[in-house]
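Taken together, the values in this text are just the output of simple stated rules run on the coordinates, not laboratory data. Nothing here was measured: the structure is a model prediction, and the numbers come from that model. Reconstructed Cβ throughout: ideal geometry from the backbone, glycine too, with neighbour counts over all protein chains shown.
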Amino acid sequence: MSLSSWKRLRAIIDVPFIAAGLLLTAYIAFSAFGYVKNSSEHYSNFILGICLMSGLLALRNLCDEQIGNKNLASETGEDFHMRPFFWPRFVFAALALVASVIAMGYVRFNAVHLETSQPFFSDTDMVFGWLMTASILALTFIHWGPLLTGVICVAIAYFFFGYLIENPLFLTPHYDAKFVMNYIGLGTNQGFYYLAQIAADSIYFLIIYAAILLGIGMLDMVLEVGKLTGRRIPGGAAGPALIGSGIVASIMGQAVSNVVLTGRLTIPMMKKYGYSPSMAGAIEATASTAGQIMPPILGLAAFIIASFLNRPYIDVALSAMIPGLLYLVGVAIAIIVYAKRHDLPKLTEKVDKQMILRLLPTFLVSFGAVLWLLLGYRSPAIAGMWGIILALALSLLQGKYRPKARKLYEGIEEGLYLVTILSLLLIAIGPLGQVMLTTNLSGRLGSALVAYLPDSQLLLLLGAMVVSLILGMGLPTPVAYIIVALALVPFMQQIGVPKLQAHFFVFYFAVFSTLTPPVAVSVLAAAKLADARFLKTAADSMKIAATTFIIPFAFVFSPSLMSFPNLTWAVVPAVAEVLAIQVTVSVAAYGYLLRVLVAWERLVIGVAAICGFFAMTLGDYYWHAGLIGILVTMLVWLAMTRSRQVVAPEGAAE
């Protein structure tokens, strides 16, 4: 096929994709106001719509692949080379689309019957149940890769054949196939439906709202705000990355997509002002990761946490406020210490203040309305809809910065794309959580851990941290969180960790897994944009993130850190302790405090950081005394010897 043929096919596929997306959006809006009564039919409609859009999106992506390859070939003058197995992949995507629509169509038109007759399904019901399962997994494979799909397949296989396992820890009863299929999703209220309600009722309009904000120019505006800040601090070129990426990521809630979106602008600017390529990529990756732990969105996992805790979403989001701010402060401290060591300049880029003044009201009013509605315990769907309406209306008053129709269309298209793949993710991982709950695998794992691990809360938490980081490698954060939460939170509660703190502990380290090798998907994306080596970028990311790894331990041992907005004076020493550790970790990592430090001085500061960590987790007086004593002594020593100041050139050993 020629290039024009692929473009024409892509345009043809776009029509039903956009039409289905707008129709589904209108349907979800009606449901938010209570016009849909039967939940099994409602969520069946939603899953059917997402399957249709996912299949069309898969075909559209393959068209884009061909268009991109042909354009590249024409630009370079090289022969066109089709990627391996293109036509089998195209046929596979088409079959997944058709099969998922047929299977979910059957489930939708028989939803009430399936709900009332479960688990006594007919043979025909079972055939369509298997077709539904296979087609949704096929779509998951296309959009989320083999690792996640493999994990879900293993969980489903365990549900069917766990009775054959000899180990009593993993042995399950011999469940009937129809009983299992009921819990996979044919019964219309478990399995694939397990988290579909979160996708439909909570995240749908918030994701579209985030995409609309980007479409009306909010990305450019927050980057200008970052420039304004960067003109006032050393190494200010990192300001747009930290502030811009942090704000945008807090709305989008996705680290990797945010790296790709903002990194194209922030990374070249940092390199221009003296940051090494790997450090520029590391700053963008760590700043973008903040969005998954910073209210109000916190990625998708916050909605799942609220569901597990049976608490309003806004209560969970507010609890994350202080830890989220401490994360951003820790990253900022690391950047400032690095910039001071290498004597990096302030930012001198011209700031478009008029853009800030014209676009800021759109952001503040719409975002404020969303927060106000959430704080008033209105549904996230209602809050997201009002955010969209206000953002679109106020964008008309932005003067010369008023968005063009094309930009608005692209924003809506991006919103439909994001909501499709993220909803598919939540639908697909439903059976994974259902298996762990129905078979009680999570409870048995917790009992085994308590029985075999040492009787030390700190050591047990360190073990939970390692497990969370390992399980989070290569998996989307919500998936990593669900696996770890179901496996470890019951165990953590048994060792005395409050339920809210236990969920957030494993959630934080599932988020951090996007920064830790060997996978580190956020770092990989940033390294490509920065034209830097992956391992060097990962090392720099870990060095920055070292200031933030203490935060989950901090809110476990100082629960007042998660008491926002009901704060007491107990939060003050807890915050001060975290800040002291963050400063000492950054100083020891980069070797600067008043002046460039020599090796033994960095080692002593590192000892102070260790004292601070044990003071925070063990609470013994002598650890506090060690932290304060070392810091005071070193500050006096460095003030007395400040004349030894030596500027370390960029690229020097740290």
Report, in degrees rounded to the nearest 10, the 0 to 90 angle that the Cα long axis of helix 441-452 makes with the longest principal axis of the chain. 40
With unit charges on the beta carbons (Lys and Arg positive, Asp and Glu negative) and the dipole taken about the Cα centre of the chain, which residue among GLY274, TYR377, GLY324 sits farthest to the positive side? GLY274
In the stretch 570-613, whose amide N lies under 20 Å from the spot 7 Å out along Cα-to-Cβ of TYR621? List them in ranges. 573-574, 577, 611-613
Along the three principal axes, how long is the chain when you take its alpha carbons, biggest first, rounded to the nearest angstrom? 84, 63, 53
For the stretch 7-41 and the stretch 502-548, compute the distance between their C-alpha centroids and round to whole Å. 36
HN-Hα couplings for the stretch 564-573 via Karplus (6.51, -1.76, 1.60; θ = phi - 60°), in whole Hz with x for Gly/Pro, come out as 4, x, 8, 7, 10, 5, 5, 6, 5, x
Chain lengthening between ALA599 and ILE165 when straightened (0.36 nm per residue, less Cα-Cα): 150.8 nm
When only C-alpha pairs under 8 Å and at least 6 residues apart count, what is the relative contact order of the chain, in percent? 16
Relative to the first principal axis of the alpha-carbon coordinates of the chain, what is the inclination of helix 499-512, with its axis defined by its Cα atoms, in degrees from 0 to 90 and to the nearest 10? 80
Quick query: amide H of VAL596 versus all other amide H atoms, modeled in the peptide plane; which residues come in under 5 Å with a sequence gap of 5 or more or a different chain? VAL646
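Could you give the dipole magnitude of the stretch 3-193 about its Cα centre, charging the beta-carbon of Lys and Arg +1 and that of Asp and Glu -1, in debye to the nearest 20? Mind dumping the intermediate values first?
Details: 10 positive and 12 negative charges, 83 e Å.
Dipole about the Cα centre, nearest 20: 400 debye.
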Along each of the three principal axes of the Cα atoms of the stretch 3-193, give the extent in whole Å, ordering the values from largest to smallest. 63, 49, 27
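Whats the longest run of the chain with zero trypsin sites (Lys or Arg not before Pro) that are DSSP loop and have at most 13 other Cβ atoms within 10 Å?
Between exposed loop sites, the widest span is 38-231.
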Under 16 Å from a point placed 7 Å out from the Cα of ASN61 along the Cα-to-Cβ direction: which residues of the stretch 417-443 have their backbone N that close? 417-429
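As an exercise, use a Förster radius of 60 Å and the Cβ-Cβ distance of MET126 and VAL607 to find the FRET efficiency, rounded to the nearest 0.05.
Approximately 0.40, to the nearest 0.05.
What do you get for chymotrypsin sites (Phe, Trp or Tyr not before Pro) in the stretch 545-621 restricted to DSSP loop and a cutoff of at most 13 other Cβ within 10 Å of the site's Cβ? Before the final figure, lay out the partial values.
On the way: sites: PHE549, PHE553, PHE555, PHE557, TRP569, TYR590, TYR592, TRP600, PHE613, PHE614, TYR621; in loops: PHE549, TRP569.
Sparse-neighbourhood loop chymotrypsin sites (Phe, Trp or Tyr not before Pro): TRP569.
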Lysines near LYS272 by alpha-carbon distance under 26 Å, same-chain residues fewer than 8 away left out - which ones? LYS227, LYS340, LYS346, LYS350, LYS353, LYS528, LYS536, LYS543
What is the distance, in nm, between label points placed 7 Å from the Cα along the Cα-to-Cβ direction at LEU364 and at SER4? 5.2
Sequence neighbours fewer than 8 away in the same chain don't count; with that in mind, list the lysines whose C-alpha is under 21 Å from LYS7. LYS70, LYS407
Per 0.36 nm of contour for each residue apart, how much would the distance between LEU309 and ASP176 grow if the chain were fully extended, relative to their Cα-Cα spacing? 44.8 nm
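Give me the Å³ per residue figure for the convex hull around the C-alpha atoms of the stretch 440-513.
Values: hull volume 5.5 nm³, N = 74.
With only Cα atoms used, the stretch 440-513 gives 75 Å³ per residue.
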Could you list the chymotrypsin sites (Phe, Trp or Tyr not before Pro) in the stretch 102-131 that lie in coil according to DSSP, counting only those with at most 11 other Cβ atoms within 10 Å of their Cβ? PHE120
Place +1 on the Cβ of every Lys and Arg and -1 on the Cβ of every Asp and Glu in the stretch 69-202, take the dipole about the Cα centre, and give the residue among TRP87, ALA196, PHE170 whose Cα lies farthest towards its positive end. TRP87
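With contacts defined as alpha carbon pairs under 8 Å and 6 or more residues apart, what's the relative contact order of the stretch 3-193 in percent? The partial results should precede the final answer.
On the way: 174 pairs, mean separation 42.8, N = 191.
Relative contact order of the stretch 3-193: 22 percent.
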If you place +1 on the Cβ of every Lys and Arg, -1 on the Cβ of every Asp and Glu, and leave all else neutral, what size is the dipole of the chain about its Cα centre, to the nearest 20 Debye? 1740
Per-residue ellipticity at 222 nm for the chain, helices alone: DSSP H runs ≥ 4 residues times -39500 (n - 2.57), over residue total, nearest 500 deg cm²/dmol? -23500 deg cm²/dmol
Mind listing which chymotrypsin sites (Phe, Trp or Tyr not before Pro) in the stretch 12-72 are in a DSSP loop and have 10 or fewer other Cβ atoms within 10 Å? TYR35
Among the Cα-Cα pairs of the stretch 154-297, the proportion with separation greater than 23 Å, in percent, is 53
Kindly express, to the nearest 10 degrees and within the range 0 to 90, the angle between helix 621-640's C-alpha long axis and the longest C-alpha principal axis of the chain. 60
